[in-house]
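One structure is given below, encoded as structure tokens.
The values are calculated or read from the model by the stated rules, or taken from the named source; none is laboratory data. Nothing here was measured: the structure is a model prediction, and the numbers come from that model. Neighbour counts run over all protein chains shown; Cβ positions are idealised from the backbone, glycine included.
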Amino acid sequence: MDDFVHVLTDNWDIIGPHFWETIKLFLIAAVGSVVLGTLLAAMRVSPVPALRGFGSSYVLLLRNTPLTLVFALQVFALPKLGVTFDFTTGACVALTAYTSAFVCEALRSGINTVPVGQAEAARALGMTFTQVLTNVVLPQAFRTVVPPLVSVLNAMLKNTTVAAGFSVAEAGAITFYLSERGENQIYGLLWITIGFLILVVPLVTLQRMLERRWKVAR
Amino acid sequence: MTNVLYDLPGPKARLRYRIIGILSAVGIVALLAYVGWRFYDTGQFEPLRWEQFQYKQIQQDLLDGYLTTLSAAGTAAVFAVLLGALLATGRLSDHLVFRAPTTGFVELFRAIPLLILIFFAYYGPIQLGYKVGPFWPLVIGLTLYNGAVLSEIFRAGIIAVARGQSEAAYALGMRKSQVMISILLPQAVRAMLPAIVSQLVVLLKDTALGFIIQLPELLYYGKQIGGRLPFGFPYVPSYLVVAVIYIGTCGLLSWFAFWLQRRLMGGPKQVKTTAKAVKLADVGQSV
């Protein structure tokens, strides 16, 4: 037990900053993927075929590509095309590109759950497009969208570990550093697990809470 | 097209849509042209960079990698489905002795990042002095994570089977295990099949994590092929080929899931489940 605690205290100079890096990656990629995902969702529900086609091809391609491959493309292939990022920025780009496809799907299915009759009734009352959107459709869509959106972001938090395979100094990479220092690997991995549980539990709790509160009876 | 957001367009709106459509089409073409120009400018279309793919050995390597990916995915899929069914039954048990540990197990393994699970299975035995290859750690990690996720899908499916089904079965004098095995599970699996197949696509995609623990799967060979100096480091062609293989395989499976959903939803012998549960499993699709 003493050894176990020492793995944490002796290596705090590695574990602390690495987890901070994970949190940073998560926050930046979360904002990025929500913004890009919203744009894509707007394209996919728009009445313009060209935009719809672009949005759905993006989602189709990215959803069927492993995240590890997205990372590999960004780390090895993009520099060959003359586009280079530093490790952290690159990881944010890869995570954002991948996650936004899932965010887009969550948003789109949320909008589709709003019955057409709602919008039709609003239009029949003479509301304008903006009024229909802000007063009728979005408030209803928001409730169905947020819980799955939180679960997508939750998955993205766990996905940040993939960056460890590509020289990003985040929580997953702690393993490599500890093995260099000859520390007990199992203890190290247990601490990483505990760290992730601490990060994940608030998100899961939030998701459950929202699901319960916003269950729409239809 | 009737849509929640947009009314059927009148003549003015149609014109507006057409203008926006042309503008955005031009924008998309410009974007693609820029990407194509970057490819051309950096010499990605040079024959030298693509020459390797004509070699028998390279094709054999790619095939080997693909087969390793498929066999890891196949093995993990079988174990994960079995584990998922077991965990779901445990979670639905009437006895706290079974319910509590399985609930804890599922919640825990869903919360741990998959890569960390794989690291546990890979570095753990090494720490204890056993030598393991990368294949089984990957399979074990995939099984534990996807087993936990699949158990939630199964559970949602079983809960969604109409109450009358199990009540009728009990009324006929069936035992609990009989009700579960011959009444609830078959209907749940049928209702949840699309969700299960979607999860298996996720599993297939996640085999690419084997790359990080040096399993010679598709991505590993992609890097090898791309890293050859005599061919001008053809990373772009090699990863594009790998991406096409992944997207083709996963796309086919996703399409199969979609087809199943269509078929099962529209079939005459539609299972009486609440639509809510099917939605729930859709939402549970992991990233």
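Identify all residues within the range B:81-114 that are of a type in the set (Asp, Glu) and closer than 25 Å to A:Ile198 by Cα; write none if there are none.
Passing the criteria: only B:Glu107.
Scanning the range A:60-69 for residues that are more than 7 Å from every other protein chain (Cβ to nearest Cβ) and buried (at least 21 other Cβ atoms within 10 Å of the Cβ) turns up A:Arg63, A:Leu67. A:Val103 meets the conditions (1) under 30 Å from B:Gly232 (Cα atoms); (2) within 14 Å of the chain's Cα centre (by Cα) in every case but one. The failed one is (1). In the range B:68-80, the condition of being buried (at least 17 other Cβ atoms within 10 Å of the Cβ), modelled with pLDDT of 90 or more and touching an Asp or Glu at 6+ places or on another chain (Cβ under 6 Å) is met by at least one residue. When A:Thr22 is tested against (1) within 11 Å of chain B (Cβ to nearest Cβ); (2) in contact with a Ser or Thr (Cβ under 8 Å, 6 or more places away or on another chain); (3) more than 30 Å from A:Gly182 (Cα to Cα), exactly one condition is not met: (3).
Suppose the filter is within 30 Å of B:Gln127 (Cβ to Cβ) and at pLDDT below 90; does A:Ser151 pass it? It is false that A:Ser151 is within 30 Å of B:Gln127 (Cβ to Cβ) and at pLDDT below 90. Counting just the residues of the range A:37-57 that are surrounded by fewer than 19 Cβ atoms within 10 Å (Cβ to Cβ) and either of a type in the set (D, E, K, R) or more than 10 Å from chain B (Cβ to nearest Cβ) (or both), which one comes out nearest to the chain's Cα centre (by Cα)? The residue in question is A:Thr38. Of the listed requirements (1) loosely packed, with under 12 Cβ neighbours inside 10 Å; (2) in a helix (DSSP H, G or I); (3) not hydroxyl-bearing (Ser, Thr, Tyr), B:Ile28 misses just one: (1). Taking into account only those residues within the range B:115-145 that are closer than 22 Å to A:Arg181 by Cα, of a type in the set (A, V, I, L, M) and out of contact with any Leu (no Cβ under 7 Å at 6 or more places or on another chain), which is farthest from the other protein chains (Cβ to nearest Cβ)? Filtering first and then ranking leaves B:Val132. Pairs meeting the criteria (first residue in the range A:6-26 and more than 12 Å from A:Gly188 (Cβ to Cβ), second residue of a type in the set (Gly, Ala, Ser) and surrounded by fewer than 13 Cβ atoms within 10 Å (Cβ to Cβ), beta carbons under 6 Å, at least 6 apart or on different chains) are lacking. Taking A:Asp10, is it within 14 Å of chain B (Cβ to nearest Cβ) and acidic (Asp, Glu)? No, not satisfied.
Among the residues of the range A:158-183, those identified as buried (at least 22 other Cβ atoms within 10 Å of the Cβ) and either of a type in the set (A, V, I, L, M, F, W, C) or farther than 30 Å from A:Asp13 by Cα (or both) are A:Val162, A:Ala163, A:Ala164, A:Val168, A:Ala171, A:Ile174, A:Leu178. Scanning the range B:1-58 for residues that are more than 10 Å from chain A (Cβ to nearest Cβ) and charged (D, E, K, R) returns B:Lys12, B:Glu46, B:Glu51, B:Lys56. Looking at the range B:206-219, which of the residues that are part of a helix (DSSP H, G or I) and surrounded by fewer than 24 Cβ atoms within 10 Å (Cβ to Cβ) is nearest to the other protein chains (Cβ to nearest Cβ)? Only one residue tops the list, namely B:Ile212.
The condition of being surrounded by 15 or more Cβ atoms within 10 Å (Cβ to Cβ), part of a helix (DSSP H, G or I) and either small (Gly, Ala, Ser) or on the phi < 0 side of the Ramachandran plot (or both) does not hold for A:Thr205.
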